[in-house]
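Heads up, the thing below is written out as structure tokens.
The values are calculated or read from the model by the stated rules, or taken from the named source; none is laboratory data. Because the structure is a prediction, the values reported are computed rather than measured. Reconstructed Cβ throughout: ideal geometry from the backbone, glycine too, with neighbour counts over all protein chains shown.
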Amino acid sequence: MLLKEIAVLYYNLFHMSVVEDIAEVKNNAPENAEEIIKDFSILEEMAQAGVLYGRKKASTHPKMLGFIQAVRNGVGIFDLPQTLEAVEKAQAFLKEIVQKGGQVLLVGTQPSAQDLIKQSSEKFNFPYVIQRWLGGTLTNFKTLSTRINRYLQLKADRATGKLDKYTKKERLDFDREIDRMERLFGGLDNMQKLPDAVLLIDSKVHITALKEANLLKIPVVAVINSDSDPDFVQYPIPANSRSKTSVQWILAKLDSAMEEGKKSGVIANK
């Protein structure tokens, strides 16, 4: 990818507008630059999805300044070629994890991420967290596993009628316990061991999950907004973590890489 050439075109974009006049920039590209145009179209796609918008300039973390291309109306604008390069690195890493039969824990508790995280997780039968992160989910996994096993056992007993022997009040108590556990462990019931990687939508929002993964040396892929510290994330993706369309675009790219890893892993094991 000719990122330097793309960056020049991308920079010119900000002398006009963020998205509206992008076609003019593409039309002014050098001759015989089909590869540049192709890659620039990806940047256009990212811009349309809102990937480029960070937080307000005042809240920008000093270590994120290198990822900021410009400031418009007080809002930091991410350097999309860098974001695209970060997505590609994360894709390669996740593809390898899945190819080897590894498991990824996906975490996104914000309303903009919850449905998308659940959908992505279910594609690969991966564990996920979309409510609140329970402290010790990773660092106290042994205890968590015991509670998850009880949750699964209660669900199974209710489904098979084994709870019918109890009184109505006792069955109601069991139902309430199952509902409460569903909210806490609903996405973790298939996590039989510590994950091989963790994917976070906004590392600042999920700082406890990030710290636990770091303590256990579990690699982290994370969408990091401009107010986050990138140092503790092994595969940071500087991008808008608050927009649903932005998160959707990023997850779609990561999903495609994991799907490739899944297919190639199946072929290799035949």
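Worth a mention:
- Filtered residues of region 53-75 (kept if charged (D, E, K, R) and modelled with pLDDT under 90): K57, R72
- Single match in T208, T245 (criterion: polar (S, T, N, Q), within 23 Å of T139 (Cβ to Cβ) and either without any contact (Cβ under 8 Å) to a residue 24 or more places away in the chain or not in a loop (DSSP other than H, G, I, E, B) (or both)): T208
- Filter result for K217 (at positive phi and at pLDDT 95 or above): yes
- Count of region 122-143 residues which are of a type outside the set (V, I, T), more than 12 Å from G187 (Cα to Cα) and without any contact (Cβ under 8 Å) to a residue 24 or more places away in the chain: 2
- Only one of A113, A159 that is of a type in the set (A, V, I, L, M) and touching a residue at least 12 places away in the same chain (Cβ under 8 Å): A113
- Any hit, region 117-128, residues being aliphatic (A, V, I, L, M) and assigned by TED's automatic domain parsing to the domain that holds S264: yes
- Checking each residue in region 218-234 for being buried (at least 21 other Cβ atoms within 10 Å of the Cβ), touching a Phe, Trp or Tyr at 6+ places or on another chain (Cβ under 9 Å) and not in a loop (DSSP other than H, G, I, E, B) picks out V220, V221, A222, I224.
- Of the residues K165, K169, K155, the single one that is outside the structural domain of F93 (by TED's automatic domain parsing), out of contact with any Ser or Thr (no Cβ under 8 Å at 6 or more places or on another chain) and surrounded by 13 or more Cβ atoms within 10 Å (Cβ to Cβ) is K155.
- Flag for R183 being closer than 19 Å to P111 by Cβ, assigned to a helix (DSSP H, G or I), over 13 Å from the mean Cα position of the chain (by Cα) and among the charged types (D, E, K, R): yes
- Checked against the criterion of being of a type in the set (A, V, I, L, M), over 15 Å from the mean Cα position of the chain (by Cα) and not in a strand (DSSP E or B), the candidates L94, L116, L65 yield just one match: L65.
- Residues (crowded, with 18+ Cβ neighbours inside 10 Å, on the phi < 0 side of the Ramachandran plot and touching a helix residue (DSSP H, G or I) at 6+ places or on another chain (Cβ under 7 Å)) located in region 50-68: V51, L52, M64, F67
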